[in-house]
1. Give the peptides 78-91, 55-68, 5-18 in descending order of average Cβ contacts within 10 Å, highest first.
2. So if each residue of separation counts as 0.36 nm, and I subtract the Cα-Cα distance between GLU69 and MET39, what length gain in nm does that give?
3. Answer with one residue from ALA78, THR62, LEU44: the one whose Cα lies farthest towards the positive end of the charge dipole of segment 33-86, charges on Cβ with Lys, Arg +1 and Asp, Glu -1.
4. Excluding residues on the same chain fewer than 8 positions from LYS22, give the aspartates and glutamates whose Cα lies under 18 Å from its Cα.
5. Return the FRET efficiency for the residue pair ARG53, GLN13: r is the Cβ-Cβ distance, R0 is 35 Å, and the value is rounded to the nearest 0.05.
6. Considering every Cα-Cα pair within segment 36-82, what fraction, in whole percent, is farther apart than 14 Å?
7. Compute the distance in nm between two label points, each set 7 Å from the Cα along the Cα-to-Cβ direction, one at THR62 and one at GLU3.
Amino acid sequence: MSEEQRENEEIRQEKAEAGAGKVVPGSGRRGKPRRMAQMVSVRLDGELIGKLRIVAEQRNATLSDLLREGAELIVEDAYVRAQPRTSFTISGAQEALPSAASGRLYAAN
């Protein structure tokens, strides 16, 4: 490094240190708050953790992202299964409803 480059570097460092810790009004914006309601610890088999890390790397995600996604899928599945199901039987029709086999299907608009 030449003498001139060294002097320029020292000046640059002095300017940087002089401004260190100062907040310039209007120079940034508030970040989006993270949604972390609660932290949970789990114990997982080492082999499973290894596989999860590989998948996380392939998806460019974190291990926590995968675990959250899995938990959401389990809860969503349980919620769907818990919803009441209703079925109806229609009787007393004089004529059968049109079907694809009868060739009397009507297009829905």
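Readers should treat all values here as calculations from the given coordinates under stated rules, not as data from a laboratory. Source: prediction; values computed, not measured. Here the Cβ is made from the backbone with ideal geometry for all residues, glycine too, and neighbour counts use every protein chain on show.
1. Numbers: 78-91: 6.0, 55-68: 12.1, 5-18: 9.9.
In descending order of packing, they fall as 55-68, 5-18, 78-91.
2. Values: separation 30, 0.36 × 30 = 10.80 nm, distance 1.50 nm.
Gain on stretching GLU69 to MET39: 9.3 nm.
3. Among ALA78, THR62, LEU44, the one farthest towards the positive end of the dipole of segment 33-86 is ALA78.
4. Partners found: GLU14.
5. Values: r = 40 Å, r/R0 = 1.13.
Working from the Cβ atoms, E equals 0.30.
6. Working: 652 of 1081 pairs.
Roughly 60 percent, rounded to a whole number.
7. 5.1 nm
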